[in-house]
1. Select from segment 191-208 the residues that are modelled with pLDDT of 85 or more and out of contact with any strand residue (DSSP E or B) (no Cβ under 8 Å at 6 or more places or on another chain) and list them in ascending order.
2. Taking interchain pairs and intrachain pairs at least six residues apart, which have beta carbon atoms under 8 angstrom, with the first residue in segment 309-330 and polar (S, T, N, Q) and the second in a helix (DSSP H, G or I) and open to solvent by 10 Å² or more (accessible area, probe 1.4 Å)?
3. Would you please name the residue that is surrounded by the fewest Cβ atoms within 10 Å (Cβ to Cβ), looking only at residues in segment 59-76 that are in a helix (DSSP H, G or I) and touching a strand residue (DSSP E or B) at 6+ places or on another chain (Cβ under 9 Å)?
4. Considering only residues of segment 279-294 that are out of contact with any Pro (no Cβ under 6 Å at 6 or more places or on another chain) and closer than 14 Å to Ile222 by Cα, which is most open to solvent (accessible area, probe 1.4 Å)?
5. Condition check: at pLDDT 90 or above, open to solvent by less than 10 Å² (accessible area, probe 1.4 Å) and within 26 Å of the chain's Cα centre (by Cα). Does Gly54 satisfy that?
6. For segment 85-125, enumerate the residues that are of a type outside the set (Gly, Ala, Ser), in a loop (DSSP other than H, G, I, E, B) and at pLDDT 90 or above.
7. For segment 31-41, check the following and say yes or no: at least one residue is surrounded by fewer than 18 Cβ atoms within 10 Å (Cβ to Cβ), in contact with a Pro (Cβ under 7 Å, 6 or more places away or on another chain) and either under 28 Å from Gly322 (Cα atoms) or not hydroxyl-bearing (Ser, Thr, Tyr) (or both).
8. When both residues are 6+ apart or on different chains and their Cβ atoms are under 6 Å apart, which pairs have a first residue that lies in segment 35-49 and is in contact (Cβ under 8 Å) with a residue 12 or more places away in the chain and part of a strand (DSSP E or B), and a second that is crowded, with 19+ Cβ neighbours inside 10 Å and of a type in the set (Phe, Trp, Tyr)?
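The values are calculated or read from the model by the stated rules, or taken from the named source; none is laboratory data. All figures in this text were calculated on a predicted structure; none of them were measured in a lab. When we count neighbours, we look across all protein chains shown, and the Cβ atoms used for this are built from the backbone with ideal geometry, even at glycine. For the accessible areas, the whole protein counts, side chains as well, though only heavy atoms, and no ligand, DNA or RNA atoms are used. Shrake-Rupley method; radii C 1.70, N 1.55, O 1.52, S 1.80 Å.
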Amino acid sequence: MHEQDTISRVASTDAMRRALAIARRGPADNANPQVGCVILDPSGCIIAEGWHRGSGTPHAEVDALSRVPAEWRERSRELTAVVTLEPCNHTGRTGPCAVALTEFGAGGIGAVVYALGDPGQASSGGAETLRNHGVSVTGGVLAGEAAALLGPWLARAFPSQAGSARPSESAQPTDSPRPHVTVKWAQTIDGRAAAADGSSQWITGADARADVHRRRAEADAILVGTGTLLADDPSLTARAESGGLLVPAAEQPIPVVIGHREIPADARLRQHPALAANGLGAPMQFSGEDLAGALTELHERGIQRLFVEGGPTVASALFAAGLVDEVLIYIAPSLLGGPRLALGDIGVASMAEIKQLRIVHTAQLGADLLIKAAVAGPNSSPASRSQEGS
């Protein structure tokens with residue numbers, strides 16, 4: 001039995017996002033790529049993980065396999081390896097990872113999920129080797145996010161192919177442009193975005209909310225997750241204090257929804273004025289399984305600036321994927337306590353992986369404080385690099 005059949009798409013996606021996060025622990029300027037790997041049990045829980053630390057060190061798959069608990073080695077066919085790059089198929093300073101996966105434990109790993117196909121002529125072909133040994137193989141999971149991470153390495157290692165991973169395994173170019181992404185949230189001073197019962201209106205005051213509407217008006221599109229959409233039924237328009245539109249319908253941010261669940265027929269978002277003004281019959285919607293790919297498609301549709309109000313789940317996923325350019329944090333001088341944090345898991349497991357921000361603007365808005373900060377990094381959008389400090 002191929003155990004990948006028992007692993008849900010959501011579990012595979014979550015595991016790949018974790019693999020991408022730990023891949024970033026490896027050196028970014030090495031001759032070898034940054035690669036991460038996690039090993040899942042049949043229920044989709046991570047039982048081991050590893051990453052590549054540079055030339056001459058074990059590859060991510062081998063590192064992860066070395067950390068698999070002893071009790072699972074005799075049940076290796078029940079395990080799934082989730083890796084950010086197709087397992088290599090050649091012997092260099094280390095052995096082929098595809099073979100290591102087939103020889104692990106009692107009969108090898110049962111299934112492998114990877115993001116990008118290996119573009120190297122000598123190192124590619126790992127997927128075929130795995131399949132020939134009876135391993136269930138799935139490629140292309142979060143390919144866009146992996147391409148964004150590996151873009152600099154691909155450009156160095158394969159200059160003649162710069163801009164694309166192996167087409168048969170990934171549809172996302174490594175240098176795909178994307179919108180400038182601004183993530184906004186409101187929180188109490190203790191970092192809570194809602195009360196324990198889920199209520200969140202209103203954490204901040206009128207001055208802060210007016211500032212949000214002005215910034216919405218500057219964006220080409222506004223993004224929300226299905227969780228927030230179903231819980232709050234937001235209109236996501238840029239409105240004046242009087243309640244009318246702050247800018248004309250054609251200049252309103254186009255609504256974008258991330259998530260698998262359907263947008264309710266009676267959702268206020270379906271009446272967003274920007275839809276008819278831009279010839280759209282409904283908000284744009286993406287599953288969220290490939291955030292980088294979704295951003296690339298938005299850019300192709302003319303979206304240059306994306307304003308994200310998607311809630312903690314969407315914000316955290318974008319941070320974990322390295323797809324955020326700046327944050328707007330509205331802080332109320334109040335306390336809520338409880339579990340409803342403004343930001344969740346962003347792939348940071350230790351202080352060595354902390355994501356640094358650069359504060360570019362602060363403002364007192366009534367009783368509330370606004371902090372605007374830039375996110376610097378190799379995956380920031382071209383627009384963000386020219387707009388930091390604006």
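1. Once the filter is applied, which keeps residues that are modelled with pLDDT of 85 or more and out of contact with any strand residue (DSSP E or B) (no Cβ under 8 Å at 6 or more places or on another chain), segment 191-208 yields only Ala206.
2. Here the result reads Thr313/Gly227, each pair linking segment 309-330 to a residue that is in a helix (DSSP H, G or I) and open to solvent by 10 Å² or more (accessible area, probe 1.4 Å).
3. Going residue by residue through segment 59-76, those that are in a helix (DSSP H, G or I) are 60-65, 70-73, 76.
Checking the rest, the ones that are also touching a strand residue (DSSP E or B) at 6+ places or on another chain (Cβ under 9 Å) come to 60-65, 72.
On the way: Ala60: 29, Glu61: 29, Val62: 20, Asp63: 20, Ala64: 28, Leu65: 25, Trp72: 17.
By that ranking, first place goes to Trp72.
4. So the first thing to find is which residues in segment 279-294 are out of contact with any Pro (no Cβ under 6 Å at 6 or more places or on another chain), and the list is 279-282, 284-294.
Subsequent filtering for residues that are closer than 14 Å to Ile222 by Cα retains 282, 284-286, 294.
Numbers: Ala282: 39, Met284: 14, Gln285: 75, Phe286: 28, Ala294: 8 Å².
Step by step, filter segment 279-294, then rank; the result is Gln285.
5. Values: at pLDDT 90 or above: no; open to solvent by less than 10 Å² (accessible area, probe 1.4 Å): yes; within 26 Å of the chain's Cα centre (by Cα): yes.
Considered against the rule, which asks whether it is at pLDDT 90 or above, open to solvent by less than 10 Å² (accessible area, probe 1.4 Å) and within 26 Å of the chain's Cα centre (by Cα), Gly54 comes out as no.
6. Filtering segment 85-125 down to residues of a type outside the set (Gly, Ala, Ser) leaves 85-91, 93-94, 96-97, 99, 101-104, 109, 112-114, 116, 118-119, 121.
Then keep just the ones that are in a loop (DSSP other than H, G, I, E, B); that gives 86-91, 93-94, 96, 104, 109, 118-119, 121.
Glu86, Pro87, Phe104, Ile109, listed by residue number.
7. Keep residues of segment 31-41 that are surrounded by fewer than 18 Cβ atoms within 10 Å (Cβ to Cβ), which gives 31.
Checking the rest, the ones that are also in contact with a Pro (Cβ under 7 Å, 6 or more places away or on another chain) come to none.
Within segment 31-41, not a single residue is surrounded by fewer than 18 Cβ atoms within 10 Å (Cβ to Cβ), in contact with a Pro (Cβ under 7 Å, 6 or more places away or on another chain) and either under 28 Å from Gly322 (Cα atoms) or not hydroxyl-bearing (Ser, Thr, Tyr) (or both).
8. Hits for this filter: Gly36/Trp51.
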